[in-house]
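Undergrad: Quick one: this structure, given as structure tokens, is what I'll be asking you about.
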Amino acid sequence: MRLILLGPPGAGKGTQASSIAEKYQVEHISTGDIFRYHIKNNTELGKKVKEYTDNGKLVPDELTCEIVWERLDREDCQKGFLLDGFPRTLQQAEILEQGLKERGQALDSVISIEVPNEILLERLSGRRVCNSCGEPYHTKNKSPKVEGVCDTCGGEIVQRKDDLEATVRNRIQVYEEQTAPLIDYYKERDLLLSVDGTKAIEVVREEIFATLASFSSKDC
Ligand SMILES: [Zn+2]
């Protein structure tokens, strides 16, 4: 199985990606992890990425794709993969499609976890965390017994910069501008499976498995 998982920030993509990869016995390829690996180990690709990020520049699509292909061409990905965080732009999707074609491979499906913006905003901007032990809280459904004080360690509960409302709105907007066009791109190629991401994690997971099962049996 060669799969892509799409979804806005706050859609629960990472959690679902792990479950899918485990069930279908394919490698979970998170581009965030690959980038961190190359930078930490100071590889040739990592050095190239750092040249951009150190200067506050975006990593070009060609370099991102080169890094992804370096990973996808390894032995453990020959039986399949689940891409998480890639492709992020239409150009990356086109480069991926071309690369697969050259290798005589093709995607099986693209799963899109869909969540309305208001819900994403509420999920992400309501996040709080203890700055001593890292225990997560949420203004909507997980408040500490004493306001601002961690139940577990008595530490201070704070809101991360990433979860500030303005930051969250910006992250959602970037997704809409750059990544949402991929939904139409894959729909045109008959690869898109949309899943309602507003439900509980376990419900969404079961829906993904059911949709994938019905989609793959269609081909037989
Ligand atoms: Zn704590």
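The values are calculated or read from the model by the stated rules, or taken from the named source; none is laboratory data. From a predicted model like this one, the values you see are computed outputs, not experimental measurements. Every residue, glycine among them, receives a Cβ derived from its backbone with ideal geometry; neighbour counts consider all protein chains shown.
Undergrad: Go over the candidates ASP196, ASP190 one by one and state the one that is of a type in the set (D, E, K, R) and either in contact (Cβ under 8 Å) with a residue 12 or more places away in the chain or in contact with a Phe, Trp or Tyr (Cβ under 6 Å, 6 or more places away or on another chain) (or both).
TA: Step by step, each of ASP196, ASP190 is checked, and only ASP196 is of a type in the set (D, E, K, R) and either in contact (Cβ under 8 Å) with a residue 12 or more places away in the chain or in contact with a Phe, Trp or Tyr (Cβ under 6 Å, 6 or more places away or on another chain) (or both).
Undergrad: Has segment 156-172 got at least one residue that is more than 16 Å from the ligand (Cβ to nearest atom), farther than 30 Å from ILE95 by Cα, surrounded by fewer than 14 Cβ atoms within 10 Å (Cβ to Cβ) and small (Gly, Ala, Ser)?
TA: Within segment 156-172, one or more residues are more than 16 Å from the ligand (Cβ to nearest atom), farther than 30 Å from ILE95 by Cα, surrounded by fewer than 14 Cβ atoms within 10 Å (Cβ to Cβ) and small (Gly, Ala, Ser).
Undergrad: If you don't mind, another one. Of the residues that sit in segment 109-149 and are touching a residue at least 12 places away in the same chain (Cβ under 8 Å) and of a type in the set (Gly, Ala, Ser), which one is farthest from the ligand (Cβ to nearest atom)?
TA: SER109
Undergrad: Go over the candidates GLY56, GLY10, GLY14 one by one and state the one that is surrounded by 14 or more Cβ atoms within 10 Å (Cβ to Cβ) and on the phi > 0 side of the Ramachandran plot.
TA: When all the criteria are applied, what remains is GLY10.
Undergrad: Here's something else I'd like to know. GLU70 passes all but one of (1) acidic (Asp, Glu); (2) closer than 30 Å to GLY126 by Cα; (3) touching a helix residue (DSSP H, G or I) at 6+ places or on another chain (Cβ under 7 Å); which number fails?
TA: All conditions pass for GLU70, except number (2).
Undergrad: OK, next. Of everything in segment 164-184, what is over 15 Å from the mean Cα position of the chain (by Cα), under 16 Å from GLU114 (Cα atoms) and not acidic (Asp, Glu)? Give them in sequence order.
TA: GLN173, PRO181
Undergrad: Among (1) away from the ligand (no atom under 16 Å from the Cβ); (2) out of contact with any Ser or Thr (no Cβ under 8 Å at 6 or more places or on another chain); (3) of a type in the set (Ser, Thr, Tyr), there is one condition THR152 misses while meeting the rest; what is its number?
TA: Unmet condition: (1).
Undergrad: I want to confirm something. Restricting to segment 137-146 and keeping residues that are of a type outside the set (Ser, Thr, Tyr) and modelled with pLDDT of 95 or more, which single residue is surrounded by the most Cβ atoms within 10 Å (Cβ to Cβ)?
TA: Among those that are of a type outside the set (Ser, Thr, Tyr) and modelled with pLDDT of 95 or more, it is PRO144.
Undergrad: Do you know which of the residues in segment 197-220 that are over 17 Å from the mean Cα position of the chain (by Cα) and among the polar types (S, T, N, Q) is modelled with the lowest pLDDT?
TA: Per the criteria, the residue is SER217.
Undergrad: Keeping to segment 50-94, report how many residues are under 20 Å from SER18 (Cα atoms) and within 17 Å of the chain's Cα centre (by Cα).
TA: So the count comes out to 11.
Undergrad: So, one more: I'm trying to understand the selection: among the residues of segment 2-48, which are in contact (Cβ under 8 Å) with a residue 40 or more places away in the chain and more than 18 Å from the chain's Cα centre (by Cα)?
TA: The one that is in contact (Cβ under 8 Å) with a residue 40 or more places away in the chain and more than 18 Å from the chain's Cα centre (by Cα): GLN25.
Undergrad: Looking for whichever is under 30 Å from ALA210 (Cβ atoms) and charged (D, E, K, R) here; the options are LYS79, LYS57, LYS40, LYS50. Which one fits?
TA: LYS79
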